[in-house]
Amino acid sequence: MTAQFNTFIPPVRTLMGPGPSDVDPRILNALSRPTLGHLDPAFIQLMDEVKSLLQFAFKTDNQLTMPVSAPGSAGMESVFVNLLEPGDKVIVCQNGVFGGRMQQNVLRCGATAVMVQDTWGKQTDLHKVEDALKANPDAKAVAFVHAETSTGVRNDAKAICELAKRYDCLTIVDAVTSLGGIELDVDGWNIDAIYSGTQKCLSCVPGLSPVSFSPAAVEVIKNRKTPVQSWFLDMDLVMGYWGKGGKRAYHHTAPVNSLYALHESLRILHNEGLEQAWKRHADMHQALKTGLESIGLEFVVDEAYRLPQLNMVSIPNGVDDAQVRSQLLNEFGLEIGAGLGELAGKVWRIGLMGYGSNKKNVDYCVSSLTRVLR
Ligand SMILES: Cc1ncc(COP(=O)(O)O)c(C=O)c1O
């Protein structure tokens, strides 16, 4: 008997976890338009617009700004493999899961990672960063996560970059969850290398990673003594396709339709305006906070550095984490996130990202949780 495979129709969900977030239907619509050749002049025009829109979203004039054709982890890897060479030293701040991923990347480049560790749920301590800079005058860069998705903490990107620059270090920033959700100013804050993801506050489909490198970072890449260990992520080669010197050469087949989607999502952000988008995320966080606190749930992260787009609350005593989350999913089609690493079983992570950061989702989340917890 031959097997039967049916068309996949995804169940209806409201995505309020740590990402992916709900994709705006306008973006899904863009995704379904006919595929063009990846060197078609019409597609190249779209690529140019995507680059300009990313410069807008990152607040940068960096020429080396483009989306890597793979998820946020590939953006992370592209930053480290292009900037680092064996023997280099990087100060890596960790106060959650994703700082640990930075450390792994540094080590795999044959470089040394000097770790600045802080408690999960607390901000990176600037004094510790300065102590590490003083103790390691040969450090090449300081790397940190702007919005730590595993805890809902916002690290003080501006202050960490200011410190790093005082000690002549490059700055490397993970903005996977921050781009489009909270203030971010690549040029104003002196960020040298940054990567993000499309599936969080841009509300686009997963699978692309916007990156940007400052002129100083480009100089470092140009003056490498060793070739970049990854052929696919070698920025010099990738830029041959993304417009170095105006000429385009085949490097890899671009994810054409995903780039239509990214273009539409950035256009939506551009129309709303960055400040307005940041304000909407802040306002929706306040509404969610009021609702969740009214049913007795407590936030873990101090309000002064809490992310509006990723809300971490303690699971009340005696409540079964997995049962609540599966009931929310099965009875309400609502996805919220579990705790990661040392926070597993202790917290829930509720996302209010991009298109999903709206009053309807806030109310739906509070009313569904109220019914399940009752
Ligand atoms: C802060 C942060 N960095 C990196 C990543 C990795 O991104 P991706 O899952 O798209 O590879 C994530 C994903 O959740 C993240 O939240």
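With label points built 7 Å along Cα→Cβ from the Cα atoms of Asn6 and Lys222, find their separation and express it in nm.
Here the modelled spin labels are 5.9 nm apart.
Note the full-extension length gain between Gln45 and Lys128 as 0.36 nm times their separation in residues minus their Cα-Cα distance, in nm to one decimal.
Answer, rounded to one decimal: 25.3 nm.
Tell me which of Phe232, Ile182, Val81 sits at the most positive position along the dipole axis of the stretch 26-270, charges placed on C-beta atoms (Lys, Arg +1; Asp, Glu -1).
Projecting each Cα onto the dipole axis, the largest value belongs to Phe232.
Let me spell out the model: positive unit charges on the Cβ of Lys and Arg, negative unit charges on the Cβ of Asp and Glu, origin at the Cα centre of the chain. What dipole size does that give, in debye rounded to 20?
For the chain, the charge dipole is close to 500 debye.
Taking the beta-carbon count within 10 Å as an exposure proxy, list Cys93, Cys201 from fewest neighbours to most. Could the numbers behind the result be given before it?
On the way: Cys93 27, Cys201 36.
So the residues, fewest neighbours to most, are Cys93, Cys201.
Greater than 22 Å separation of Cα atoms is the criterion. Which listed pairs, Lys200/Lys279; Lys59/Lys360; Lys165/Lys225; Lys59/Lys134; Lys140/Lys225; Lys51/Lys359, meet it?
Going by Cα-Cα distance, Lys59/Lys360; Lys165/Lys225; Lys59/Lys134; Lys51/Lys359 fall outside the 22 Å limit.
Kirkwood Rh over alpha-carbon pairs of the stretch 110-166, then Stokes-Einstein at 10 °C and 1.306 mPa s: what D in µm² s⁻¹, rounded to an integer?
On the way: Rh = 12.0 Å.
For these conditions, the coefficient is 132 µm²/s.
Give the aspartates and glutamates reachable from Lys89 as a straight Cα distance under 14 Å; neighbours fewer than 8 places away on the same chain don't count.
Asp138, Asp168
Work out how much length Asp185 to Ala344 would gain on full extension: take 0.36 nm times their residue separation and subtract the Cα-Cα distance, in nm to one decimal.
Numbers: separation 159, 0.36 × 159 = 57.24 nm, distance 3.25 nm.
Length difference between fully extended and current span is 54.0 nm.
Modelled label-to-label distance, Gln104 and Ser367, 7 Å Cα→beta-carbon offset: nm?
4.1 nm
Beta carbons within 10 angstrom, averaged per residue: use that to sort the peptides 3-10, 44-51, highest first.
Values: 3-10: 5.0, 44-51: 16.6.
Ranked by mean Cβ neighbours within 10 Å, highest first: 44-51, 3-10.
Please rank His252, His281, His146, fewest neighbouring Cβ atoms within 10 Å first, as an exposure proxy.
On the way: His252 13, His281 20, His146 28.
With the sparsest Cβ surroundings first, the list reads His252, His281, His146.
For the chain, set up a Gaussian network in which alpha carbons nearer than 10 Å are linked by springs, and say which option among Asp236, Asp131, Asp118 fluctuates the most.
Asp131
Please build a GNM for the chain, connecting alpha carbons under 10 Å apart, and tell me which residue among Gly87, Gly207, Gly180 fluctuates the most.
In this elastic network of the chain, the residue with the biggest mean-square fluctuation among Gly87, Gly207, Gly180 is Gly87.
Roughly what % of DSSP beta bridges within the chain run antiparallel, to the nearest 5?
Looking only at bridges with both residues in the chain, the antiparallel portion is about 50 percent.
Name the helices (complete DSSP H segments) of the chain with a Cα length along the long axis of 15 Å or more and a Kyte-Doolittle mean of at least -1.0, or state none.
Length and hydropathy pass: 41-58, 72-83, 97-108, 256-272, 274-294, 321-332, 359-373.
What are the principal axis extents of the Cα atoms in the stretch 26-270, in Å, biggest first?
55, 39, 28
Select from Asn136, Asn358, Asn155 the residue whose mean-square fluctuation is largest in a Gaussian network model of the chain (Cα-Cα springs shorter than 10 Å).
Of the options given, Asn136 has the highest mean-square fluctuation.
State the Cα centre-to-centre distance between the stretch 262-321 and the stretch 63-90 in whole Å.
29 Å
Which distance in nm do the two modelled labels at Ser314 and Ser294 give, with both placed 7 Å along the Cα-to-Cβ direction?
2.3 nm
Every number here is computed from the coordinates shown, using simple stated rules; none is lab data. Since we're looking at a predicted model, the values are computed, not measured. Here Cβ is always computed from backbone atoms with ideal geometry, including for glycine, and neighbour counts include all displayed protein chains.
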